[in-house]
1. Amide H of SER332 versus every other amide H placed in the peptide plane: which residues, excluding those fewer than 5 positions away on the same chain, fall under 5 Å?
2. Using the crude model of +1 on Lys and Arg Cβ and -1 on Asp and Glu Cβ, and no other charge, please compute the dipole size for the chain relative to its Cα centre, in debye to 20.
3. Counting only residues 5 or more places away or on other chains, whose amide H sits under 5 Å from the amide H of GLN278 once H atoms are built in the peptide plane?
4. Could you give the length gained by full extension between GLU164 and TYR200, i.e. 0.36 nm per residue of separation minus their alpha carbon distance, to one decimal place?
5. With r as the distance between the Cβ atoms of ASP71 and ASN364 and R0 = 22 Å, compute the FRET efficiency 1/(1 + (r/R0)^6) and round to 0.05.
6. Not counting the cut sites, what is the longest span of the chain without GluC sites (Glu not before Pro) that DSSP labels loop and that have at most 14 other Cβ atoms within 10 Å?
7. Listed here are the pairs LYS176/LYS261; LYS176/LYS447; LYS68/LYS374; LYS21/LYS447; which of them are more than 32 Å apart at the Cα?
8. Between ASP88 and ARG63, what FRET efficiency follows from the Cβ-Cβ distance if R0 is 25 Å, with the result rounded to 0.05?
Amino acid sequence: IPVEDFDLVIFGATGDLAHRKILPGLYRRYVAGQIPGTAQIIGAARTQQDDAAFRAEAREAIRKFANKGDDLSQLDDFLNHLGYVAVDARGEGGWDELKSRVRPGVVHAFYFSVAPSLFGDIAQRLADNGIADADSRIVVEKPFGRDLASARELNAVLARHFVEQQIYRIDHYLGKETVQNLMAVRFANMLFEPLWNAQYVDHVQITVAETVGVGGRGEYYDHSGAMRDMVQNHLMQLLCLIAMEPPYHFDPNAVRDEKLKVIRALEPLEPGDIVRGQYQADSDGPGYLQDVGNADSRTESFVALKVRIANWRWTGTPFYLRTGKKLRARTSEIVVTFKAPPHSIFDTENEPRSNQLVIKLQPNEGMDLTVMIKEPGPGGMRLVQVPLDMSFADALGADGTDMPDAYERLIMDVIRGNQTLFMRGDEVEAAWAWTDPIIADWEAGSKRPEPYDAGSSGPEEALRLLHRDNRRWREIR
Ligand code: BG6
């Protein structure tokens, strides 16, 4: 079903994100029949070029970054929806022309795929030139600040021209299919929610492991590190969806209110609850220090944390978070480990093991629930743990290629005016308020991150973070 007619202006349309995600995502939605025949997608950037040159650029990008199996036969038709205006974010050039291109009476969305330092200039010019109005939507990307003070400043800059209902802050993890499924699993089933608390849940693990290093992004990354790049946003969002109370309705503010309460209930971290790591060079490739070209860097490419939520539901259940680059496998998953039965009626070789609910975000989206059963056969009562495997692909006949990518879904949500999967300003600020002291502590100290081997599960200390609590990470595989 097509969304409402719209004009989408992409500032930074010649940049990497537009090439990799935004344009290919829009094309896939076009093929899916969701983009109305009159919709316009207008690229805006500093480069002087005309519509035809931008269409050629977009064609290249879509071909290069399309998913395997994408149907490219409608590419020419799609490109007819594209236009381009060269604008000077800090000057007057191009704004009149942009105004003349944007049609009245349709949904207007402005995607700020540019450095945050330009948000204020662009917002101001959109307002001064009468291009944006009270119904327009703006979309911004992470990094949304690098600490609480800068995030507040960005929020204030945007608030000069737009109200919160117009601002769509993207965290692309919220657009992932399984992440949304978390809410369905928790709140559309009776099975899990009664057990979803400290009385029955022993602990939760959230792992986002990547195999890539920091590659060509060294300069950005070295000023950021895993805590700012991944924990403050993506892992925090996953934590919120696992830990939040049921919202009274699946409504943007109701959902975001509940997430905010989780962030506010996070206890300050103790130094012993944090492990930071940096990948080392090996025969296959450079280490972190070489990758960022800074032999003294103390920025972490890996972090593991033990997090506590101080509220009635969760006091007593730790949440262990870890994320890093150059690890053994690309895996994102959430593991909810339930407590062991209070008493075993079986003999000691047959101790029941805890049930685990494994929610796999990538690469193979799905869920596993481990349960104890009797090993089949005449050999007496022997217990074995088996998975109740629920691969979404198998269950729904969908192969991964049919699932819309996070960006596709989120951009369509902007056009539909649905903010549920976007971060509200106060959420972002609360997340920084929690991470700021942790980061400030490291930066003030002189400790170096623990080295770890590329292709491993991270530094030994990260394993010990759980061992000392008699727990183990689920293997990264
Ligand atoms: C981005 C980070 O937000 O998320 C990257 O800046 C990271 O460093 C990426 O690689 C991971 O996203 P995904 O969707 O590949 O898990």
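The values are calculated or read from the model by the stated rules, or taken from the named source; none is laboratory data. Please read these numbers as outputs of a predicted model, since none were measured by experiment. Glycine gets a Cβ as well: all are built from the backbone with ideal geometry, and neighbour counts include every protein chain shown. The protein model used for the area step is the full one, side chains on, heavy atoms only, and it has no ligands, DNA or RNA in it. Shrake-Rupley method; radii C 1.70, N 1.55, O 1.52, S 1.80 Å.
1. ALA209, LEU361, GLN362
2. Numbers: 55 positive and 70 negative charges, 138 e Å.
It works out to roughly 660 debye.
3. Residues meeting the criterion, in which the H sits 1.01 Å from N, are SER301, GLU450, TYR452.
4. My answer for the length gained is 9.2 nm.
5. Calculated value: 0.40.
6. Numbers: sites that count: GLU4, GLU92, GLU475.
Segment 93-474 is the longest.
7. Values: LYS176/LYS261 22 Å; LYS176/LYS447 36 Å; LYS68/LYS374 43 Å; LYS21/LYS447 37 Å.
Checking Cα-Cα distances, LYS176/LYS447; LYS68/LYS374; LYS21/LYS447 exceed 32 Å.
8. Between ASP88 and ARG63 the formula returns 0.25.
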